[in-house]
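The values are calculated or read from the model by the stated rules, or taken from the named source; none is laboratory data. Just so it is clear, the model here is predicted, and its values are computed rather than measured. Neighbour counts run over all protein chains shown; Cβ positions are idealised from the backbone, glycine included. Please note that ligands, DNA and RNA were not included when accessible areas were found on the heavy atoms of the full protein model with its side chains. Shrake-Rupley method; radii C 1.70, N 1.55, O 1.52, S 1.80 Å.
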Amino acid sequence: MVGVSWSVVKRVPVWAWAGIGLAIALAAVTVAALRFAHPTVAPVQAVGGFWLVDQSTVVRLSGVVELQRPGTDDWEPVRDAQPLTVGDRVRTGPDGYAAFTFFDGSSTTLQPASELAVQRFERDPASGATAVILQQLKGSSWTRAGDNGHPFSGVLVTTPGGARFFARGSQFETIVDAEGTYVTSAEGIVYGRAQNTDVEIPPGFSSRTLLGQAPEAPIPDPPRGPTLQVRVQGPARVLLTDARGRSVGQHPDSELPVYQIPFARVTETADGARVFSVPAPLEAYDLTLRGQATGTVQVAVGVLRPAQTSVPAAAVIERPVEQGEVLTTNFRWENEQVRGLQDLVAWPGAAPASAVALLRHPPPVVTAVLPTPAPEPTAEATEIVVAEPDPNDVFASLDRDGGLRPLVVAPAVPERPAVTTERPPLRAPTVPSPPPVVRAPERPAPAPAPVAEPTDPPTAPVVTLPPTDTPVVVMVTPVPPSPTPVPPTPVPPTPVPPTPVPPTPVPPTREPTVPPPLPTPVPTAPPTRLALPTRPVVTGGESARSVAPTATPVRVPYPGAGGLPVAQPTAGPTSRTH
């Protein structure tokens, strides 16, 4: 069998053997080329997007993000980074995430199914004051309001129904739905106003403002479930990126901070370690580090449950790093646990899922604001009168259209709005309560018996006589009112006897009847009113009254419901029977 094979081989021409060898060599070269070319495929070493911008910009993080320019009804997709102007509107799809970087250093992250409009950008070159005014139409946003050191700079977010929220140097979430607006502060104070009612939302609290109603009192924000904690020790910048493209920390190519993940915080411990705390983690994370010096970096990842203050690390990795070297690692979040933490490897840049736009020239920090005296008007200059807002009102300067003016937004330590512990009621004007009215008791209707004693006239003296054997009639003469006195004409004193001045002619008037003088009573103790004897009941509508026990009853007409009869004036003294 071997001999036959060898005989066949000997009969093969030499040129055939040369062709076979060449084919084998070409195949080996092809396999080697494919093997060495595989590591250079772009997806393996891909890096995230990074832009240095000079104006306000919107960046697509993931999903569907669309932009509508003013004056048009068309929506165009946002690819990478696009500049923003006043009047632009941005919306996200059900899976869309977008990040805004504003000219003053503020930033906003738009969540899925949300819409945001740019209302105004303002800057005062003289004082350095800036204002970013946005209108959130629906959905959820996460805003970090910049603070350039000027006491009158800030970010204002308006929502449907007239609610407005102002912040400076704060981080807060705004949710707008069909019922109203929900604002939660994570850092700094957020000032809210609606229906002429103000509210201050401190860190860790949230406030609800229903449509057409005043803002409710802030309440503590409930826990948001487990918190992912990543601790990085070593000389490196660190950027943490989630699976939706949102990042927090420092980009490897910039020292400016990035705030795209809602409620994520970066703190520094006493030994220089950076701790990233992310509530409600997502499915996966990438960690990018850039060495700032030669040394060793250590990464520890753990999960902090509610009511826990510390917890052992679930996984720890470390590696030496050189200055300028970029390293990366990643891990998964499954079943509320950290899974699959990878070793640190060299990488050309930030994580592929990241997309960050930062200002090329950050706004300068305003160190002091000095009041500028108003220039003296000149004859050639035209005086322009500008109605300045109340400096104690954080919203007053943002209520009217026009350019930014010095001292426009909020004082450094605003006196208003005051913190409300409960919804303040609308104040009604204070009306002094009327003094109490003391009403006299109603006179009871006259009955057959007994009859209430009539009230004596205030000016008529009352004379009480002791009982006698004969009837006595008490005559009471009403004293007429005194005539209005005429003030005498002043006469200056003279040394001679005064000359009588003739009286001024006065039309004759009827002289009042002067009652006869009453007998002078014998001085006794103060007179007391005697109790009336019981009046016998008389049928037929008449009554009798006894003056004394032995006196003969005198019948007088019963007055009925109209009261006692009024005596008619006569030529003689007028009397009334008691």
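Per-residue SASA remark: residue 69, around 60 Å² accessible (1.4 Å probe; ligands, DNA and RNA not included).
Backbone phi angles across segment 280-293, fed through the Karplus curve with coefficients 6.51, -1.76 and 1.60 (θ = phi - 60°), yield HN-Hα couplings of 6, x, 9, 6, 7, 9, 10, 10, 10, 10, 10, x, 9, 6 Hz in residue order; Gly and Pro are listed as x. Here the relative contact order of segment 232-284, from alpha carbon pairs under 8 Å that lie six or more residues apart, stands at 31 percent. Taking the Cα centre of segment 86-218 as origin and assigning +1 to Lys and Arg Cβ atoms and -1 to Asp and Glu Cβ atoms, the resulting dipole is close to 200 debye.
Just flag the GluC sites (Glu not before Pro) in segment 226-333 sitting in loop per DSSP whose Cβ has no more than 12 other Cβ atoms within 10 Å. Of the GluC sites (Glu not before Pro), the ones in loops of segment 226-333 whose Cβ has at most 12 other Cβ atoms within 10 Å are 255, 283, 322. Computed from label points 7 Å out along Cα-Cβ, the spacing between residue 307 and residue 52 is 5.1 nm.
Backbone amide hydrogens, once placed in the peptide plane, bring residue 359 within less than 5 Å of 53, excluding anything fewer than 5 places away on its chain.
The amide H of residue 221, built 1.01 Å from its N in the peptide plane, has 205, 206 as neighbours under 5 Å, considering only residues 5 or more places off or on other chains. For the listed peptides 134-147, 219-232, a ranking on the average number of other beta carbons within 10 Å per residue, highest first, reads 134-147, 219-232.
Two numbers describe the Cα atoms of segment 255-354: Rg and Dmax, which are 13.9, 40 Å.
Peptides 155-164, 271-280, 294-303 ranked from most to least packed give 155-164, 294-303, 271-280, packing being the mean of other C-beta atoms within 10 angstrom over each peptide's residues.
Hey, any idea what % of segment 230-317's accessible area is carbon plus sulfur with a 1.4 Å probe?
Carbon-and-sulfur percentage of accessible area, whole number: 50.
Between residue 80 and residue 298, full extension at 0.36 nm per residue minus the direct alpha carbon distance yields a gain of 75.2 nm.
Against the criterion of solvent-accessible heavy-atom surface with a 1.4 angstrom probe, 191, 259 sort, most first, into 259, 191.
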